[in-house]
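Undergrad: Take a look at the following structure, please.
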Amino acid sequence: MSTLLPATRWRRTVREVSRVAAVLAIVLLTACAHTGKRNPLATWVPSDNFNERGAILIVLHFTDQESVQQSLDTLRGRNSGGRVSSHYLIGKDGHRYQLVSDDKRAWHAGAGSWGRITDVNAASIGIEIDNDGHTPFPDAQIDSLIVLLRDLTERLDIPPSQIIGHSDLAPARKVDPGPLFPWKRLADAGFGIWPAADAGEPPAGFDPWMALQAIGYPLKDRPAAVRAFHHRFRGIDTHELDAEDLRILHALTRTSNVSSTSPLRADDVKQDAR
């Protein structure tokens, strides 16, 4: 039996409770610091492959793997090029997985650029989509993507027009999300850019290369840039410009569709250098 007076026992109890509370507070703060911001729209499956970053762009990928589980394993480990990750993965059934916190820098884009952005990982959210690049994307998957895009653009204040594909920023290296991806459906939901049907014909001297650059495409490999442009806006796999491309580029650059990160303004895209 304790011989402590009631007041002494009470003070000891208070001190013990205070120590426990302090330890719990440290544990909670440490956990918050490690996990950062989680999205309740997705299942949290953490990957350690990240560092700090901010986002003004969203990049879409296809996984080109056998299953969601294989992709989860890859995005928490490494592929032939080293460690790789993305912020989100969307399964064929529309289930969303979050692997890296929104406020961390995932390793999904690799070398490439979009307009003025040269370190794309530092400025973007990466979304992997479970698809092999040769089959259509299920409606449930695209519906789920649109829900996620709406959440990310509103919550992180990313312009809805700033949605691009991996092939857009790295046309010489990548083809995803590929010519079967339904960009028009995303545009109808308010995401990405799409040419207006009533934009008319381009003026005399219209320079399609300046227009591609104004949108954001890197032009180091021009045929590859055209192929990426064709994947996105025409659903074809060719690398030569034609009259329809000029009409589309004119429509895209005559409005506010031109990226705020682009090295050029829409008004600059008028004619060849004099």
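Undergrad: Listed residues V27, V45; which is surrounded by fewer than 18 Cβ atoms within 10 Å (Cβ to Cβ) and modelled with pLDDT under 75? Spell out the reasoning first.
TA: On the way: V45 fails: modelled with pLDDT under 75.
That would be V27, the only listed residue that is surrounded by fewer than 18 Cβ atoms within 10 Å (Cβ to Cβ) and modelled with pLDDT under 75.
Undergrad: Any idea how many residues of the range 188-200 are surrounded by 18 or more Cβ atoms within 10 Å (Cβ to Cβ) and on the phi < 0 side of the Ramachandran plot? Give the derivation first.
TA: Step one: list which residues in the range 188-200 are surrounded by 18 or more Cβ atoms within 10 Å (Cβ to Cβ), which gives 191-195.
If we keep only those that are on the phi < 0 side of the Ramachandran plot too, we end up with 191, 193-195.
Of the residues in that region, 4 qualify.
Undergrad: How many of the residues in the range 95-121 are free of Cβ contacts under 8 Å to residues at least 24 places away in the same chain and either closer than 13 Å to V59 by Cα or surrounded by 22 or more Cβ atoms within 10 Å (Cβ to Cβ) (or both)?
TA: Taking the range 95-121 and keeping what is free of Cβ contacts under 8 Å to residues at least 24 places away in the same chain, we get 118-119.
With the extra rule that they be either closer than 13 Å to V59 by Cα or surrounded by 22 or more Cβ atoms within 10 Å (Cβ to Cβ) (or both), the set shrinks to 119.
Total satisfying the criteria: 1.
Undergrad: Suppose we filter the range 154-167 for residues that are in a helix (DSSP H, G or I) and either open to solvent by 60 Å² or more (accessible area, probe 1.4 Å) or over 24 Å from G235 (Cβ atoms) (or both); how many remain?
TA: Restricting attention to the range 154-167, the residues satisfying the condition of being in a helix (DSSP H, G or I) are 154-155, 166-167.
Imposing the further condition that a residue be either open to solvent by 60 Å² or more (accessible area, probe 1.4 Å) or over 24 Å from G235 (Cβ atoms) (or both) reduces the set to 154-155.
Residues flagged as in a helix (DSSP H, G or I) and either open to solvent by 60 Å² or more (accessible area, probe 1.4 Å) or over 24 Å from G235 (Cβ atoms) (or both) within the range 154-167 amount to 2.
Undergrad: Return the only residue of R83, R150 being on the phi < 0 side of the Ramachandran plot, surrounded by fewer than 16 Cβ atoms within 10 Å (Cβ to Cβ) and modelled with pLDDT of 95 or more. Give the steps one after another, and end with the answer.
TA: Values: R83 fails: modelled with pLDDT of 95 or more.
Result: R150 is the single residue among R83, R150 that is on the phi < 0 side of the Ramachandran plot, surrounded by fewer than 16 Cβ atoms within 10 Å (Cβ to Cβ) and modelled with pLDDT of 95 or more.
Undergrad: Out of everything in the range 48-74 that is within 16 Å of H166 (Cα to Cα) and aliphatic (A, V, I, L, M), what residue ends up being surrounded by the most Cβ atoms within 10 Å (Cβ to Cβ)?
TA: Among residues in the range 48-74 that are within 16 Å of H166 (Cα to Cα) and aliphatic (A, V, I, L, M), the one surrounded by the most Cβ atoms within 10 Å (Cβ to Cβ) is V59.
Undergrad: Which members of the range 94-132 meet the condition of being closer than 14 Å to S167 by Cβ and of a type in the set (S, T, N, Q)?
TA: S113, N131, listed by residue number.
Undergrad: In the range 107-116, what residues are farther than 13 Å from K174 by Cβ and either modelled with pLDDT of 95 or more or not hydrophobic (A, V, I, L, M, F, W, C) (or both)?
TA: Answer for the range 107-116, where residues must be farther than 13 Å from K174 by Cβ and either modelled with pLDDT of 95 or more or not hydrophobic (A, V, I, L, M, F, W, C) (or both): G115, R116.
Undergrad: Go through (1) in contact (Cβ under 8 Å) with a residue 40 or more places away in the chain; (2) on the phi < 0 side of the Ramachandran plot; (3) open to solvent by less than 10 Å² (accessible area, probe 1.4 Å) and name the single condition L212 misses.
TA: Only one criterion in (1) in contact (Cβ under 8 Å) with a residue 40 or more places away in the chain; (2) on the phi < 0 side of the Ramachandran plot; (3) open to solvent by less than 10 Å² (accessible area, probe 1.4 Å) is unmet by L212, namely (1).
Undergrad: Looking at the range 216-228, which of its residues are assigned to a helix (DSSP H, G or I), hydrophobic (A, V, I, L, M, F, W, C) and either free of Cβ contacts under 8 Å to residues at least 60 places away in the same chain or open to solvent by 50 Å² or more (accessible area, probe 1.4 Å) (or both)? It would help to see each step written out before you state the result.
TA: Of the range 216-228, the ones assigned to a helix (DSSP H, G or I) are 222-228.
With the extra rule that they be hydrophobic (A, V, I, L, M, F, W, C), the set shrinks to 224-226, 228.
Answer for the range 216-228, where residues must be assigned to a helix (DSSP H, G or I), hydrophobic (A, V, I, L, M, F, W, C) and either free of Cβ contacts under 8 Å to residues at least 60 places away in the same chain or open to solvent by 50 Å² or more (accessible area, probe 1.4 Å) (or both): A224, A225, V226.
The values are calculated or read from the model by the stated rules, or taken from the named source; none is laboratory data. For clarity, every value in this text was computed on a predicted model and none was experimentally measured. Counting neighbours? That spans all protein chains shown, and the Cβs are built from the backbone with ideal geometry, glycine included. In case anyone asks, the SASA skips ligands and DNA or RNA and just uses the protein heavy atoms, side chains included. Shrake-Rupley method; radii C 1.70, N 1.55, O 1.52, S 1.80 Å.
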